[in-house]
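The structure under discussion appears below in the form of structure tokens.
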Amino acid sequence: MNIRFLEFEDKGDERGSLAAINGGKEVPFAIERVYYIFNTAKNVRRGYHAHRALKQALIAVSGSCRILLDDGKERVEVALDNPLKGLYLDGLIWREIFDFSSDCVLAVLANAHYDESDYIRDYQKFQSEVKR
Ligand code: TYD
């Protein structure tokens, strides 16, 4: 699977770190929405969906989590554990997010507003859409 990570520059100084993300620069799309997942309960696994058209960048701005990515052919697990590292997702990829550290804040930048019709929440349906 072709997995693309994004690297953000640390523009910090002796006071501490600072990362800046501009749509169309550090992430390859115009940012239309930001959401974040935090205070995740122990042993939670969430996601369990794919998107038809949405482009996203996932960043563990605090703590860490793991992400299962499934393109219908291959299943790969990746870790997010660094605020200077983003996972870029585009296209039909089933994702599940787990192993959240108690301090994890997972920020997600997206190129479109929330739209339930862009979700595939059924794994069998995901597989049949991938094969098409
Ligand atoms: P949900 O899709 O269950 O999250 P996940 O797929 O990560 O497990 O989303 C939880 C709730 O939040 C659900 O009621 C939809 C809502 N929501 C929004 O209103 N806007 C958003 O941008 C997102 C991602 C979710």
Seminar exercise, completed: Probe 1.4 Å, heavy atoms of protein chains only: per residue, the accessible area of segment 25-131 in Å² is 52
Exercise. Roughly speaking, to the nearest percent, how much of the chain's 1.4 Å accessible area is carbon and sulfur?
Worked result: 46
Exercise. For the chain, what Kirkwood radius comes out of the mean inverse Cα-Cα distance, in Å?
Worked result: 15.4
Seminar exercise, completed: Within the set 93, 67, 21, GNM on the chain using Cα springs under 10 Å gives the largest fluctuation to 21
Exercise. Which whole-angstrom value gives the distance between the alpha carbon centres of segment 1-30 and segment 75-105?
Worked result: 15
For this session: Quote to one decimal, in nm, the extra length available between residue 22 and residue 46 on full extension: 0.36 nm per residue of separation minus the C-alpha distance between them.
Result: 5.9 nm
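Taking the Cα centre of the chain as origin, work out the dipole magnitude from +1 charges on Lys and Arg Cβ and -1 charges on Asp and Glu Cβ, in debye rounded to 20. Each step should come with its number before you reach the end.
Details: 19 positive and 21 negative charges, 88 e Å.
Taking the Cα centre of the chain as origin, the dipole is about 420 debye.
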Problem set entry | Cross-link pairs 25/85; 73/125; 85/125; 11/42; 55/85 - those with Cα-Cα distance over 22 Å | 85/125; 11/42
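The values are calculated or read from the model by the stated rules, or taken from the named source; none is laboratory data. In this text the structure is predicted, and so the values were computed from the model without any measurement. Here the Cβ is made from the backbone with ideal geometry for all residues, glycine too, and neighbour counts use every protein chain on show. Surface areas here come from the heavy atoms of the whole protein model, side chains and all, with no ligands, DNA or RNA. Shrake-Rupley method; radii C 1.70, N 1.55, O 1.52, S 1.80 Å.
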